[in-house]
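Since the structure comes first, as structure tokens, the remarks are kept for the end.
The values are calculated or read from the model by the stated rules, or taken from the named source; none is laboratory data. Note that this is a predicted model, so its numbers are computed, not measured. When we count neighbours, we look across all protein chains shown, and the Cβ atoms used for this are built from the backbone with ideal geometry, even at glycine.
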Amino acid sequence: MTGVVYDISQKDEIAAHFHLHGYVVAQVLNKEECDIRVCELWTNVIQKQPWRTEVLLAIKGADGRTLDANEEADRPAFVDAVTGRLSKQTREYFGAGWPMHTTFGAPCDNRSFHTNLIWEVRQHEQLYEAATAIASERDLWVDINRSIMKLPGKGDDEFLHWDYDIFSDTPQSVIGAATIQGKIMYTAAEFVCVPGTHTADFKTKFRRQYGPVYPHRSKAASKFGLKPECADPMGLVSKKQVVSVPAGCVVFWSPFLLHGHSRSPLTSPTQYGMYMGYQKAGSRPEYSRRAQTEKTELEDRLGSYAEGRAPLLWPSLDPIHYYPWKFRNFPHLLGFVIERMREDDPRITTRVNGKKATVQHLVDVVDKQYIPPKLTKLGARLLGKHEHNN
């Protein structure tokens, strides 16, 4: 579904649409700005994977020459090659050299969190103004979140869900975790949601009608999703919309909105972008407890930026894992990853599992050549370096 796409300067219209529907789409970047960000993801993340030389990805031009995304003359052909539809052979070639978390399409490499162009977006003045209009709050932090690089045929077909337990009376951790969730796409994408399911009035009606449908729900769940086999008194599944997110656009959504994910068709182009949102500024005590650290949330944010590493936790307070968590339960999957790496790679280590056996493990390393991106005054405030002046 192609809906309304605002210009990012239309902050009042953006806020009104967000509050009415629970999401909004706005244009932020032009094609040239998108293209250089696709190239940065390739040169900074995809082509810097710890794989053996024969597994690393190279992009060839029509003449068979290896293209360099950093060379302006090569850039148009490079972008066309990595953003266009892929043949089966190219899809398999990319898949063999792609970063981990391939299925979800967003790697947790340290390199995925901090680059010059990522921070250029995070400290975008008009994005911030739109966010403050939505939140009615200027004292915000921007997410320290990962990049998006989703191959055709990848992604989870996750059923409609909320990123909190809608039956809970006290979702304070969610309220503090994300005032606004979002992502900016350098290539076209989609957003799956049920508009209007983010309000307090909807929550009251939902709990009354769906409580009897889900009497045995988990009391410790951090999320809640609809089950296809269960009754749907409000017909929410039939109200699902697949919203188009054109290249260069941000889609913001409420943390209380019913939404989902979908698997990309094999015929679709590769998707590139970055997750970003905003939360109320200030360290949450729960952050240190869940991360099992004496660091405050602010100290971890500042350290992440200064060192060029992933934070300890996502904005949702879930832990960040360098490799997919299921690999811990299926060590042979991690073994397949390690087989692609050089034997002396410093990321390869061991851990003791629940049965007190020593098993293989991976821990990402920081780039010794990393230089923290230059921050504007706004960027420093959104990171947490300086206090806001309302």
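Only a single item in (1) touching a residue at least 60 places away in the same chain (Cβ under 8 Å); (2) in a helix (DSSP H, G or I) is not met by ILE144, and it is number (2).
Count of the range 245-298 residues, restricted to those that are touching a residue at least 40 places away in the same chain (Cβ under 8 Å) and buried (at least 16 other Cβ atoms within 10 Å of the Cβ), is 33. The number of residues in the range 25-52 being closer than 17 Å to GLY273 by Cα, within 20 Å of the chain's Cα centre (by Cα) and in contact (Cβ under 8 Å) with a residue 40 or more places away in the chain comes to 18. Looking at the structure I just gave you, is ALA310 part of a helix (DSSP H, G or I) and aliphatic (A, V, I, L, M)? It is false that ALA310 is part of a helix (DSSP H, G or I) and aliphatic (A, V, I, L, M). Taking the range 236-295 as the range and being in a strand (DSSP E or B), within 30 Å of GLN209 (Cβ to Cβ) and polar (S, T, N, Q) as the test, only GLN241 passes. The sole residue among PRO233, PRO265, PRO246 that is farther than 22 Å from ASP157 by Cβ and under 20 Å from the mean Cα position of the chain (by Cα) is PRO246. Of all residues in the range 302-314, none satisfies being over 15 Å from the mean Cα position of the chain (by Cα) and more than 19 Å from LEU382 (Cα to Cα). Out of all the residues in the range 89-114, which are polar (S, T, N, Q) and surrounded by 21 or more Cβ atoms within 10 Å (Cβ to Cβ)? If the condition is that a residue be polar (S, T, N, Q) and surrounded by 21 or more Cβ atoms within 10 Å (Cβ to Cβ), then SER112 is the only one that fits.
Take the conditions (1) at positive phi; (2) buried (at least 19 other Cβ atoms within 10 Å of the Cβ); GLY64 misses just one of them, which is (2).
With respect to the conditions (1) at pLDDT 90 or above; (2) under 26 Å from HIS161 (Cα atoms); (3) touching a helix residue (DSSP H, G or I) at 6+ places or on another chain (Cβ under 8 Å); (4) not acidic (Asp, Glu), LEU317 falls short on a single one, namely (1).
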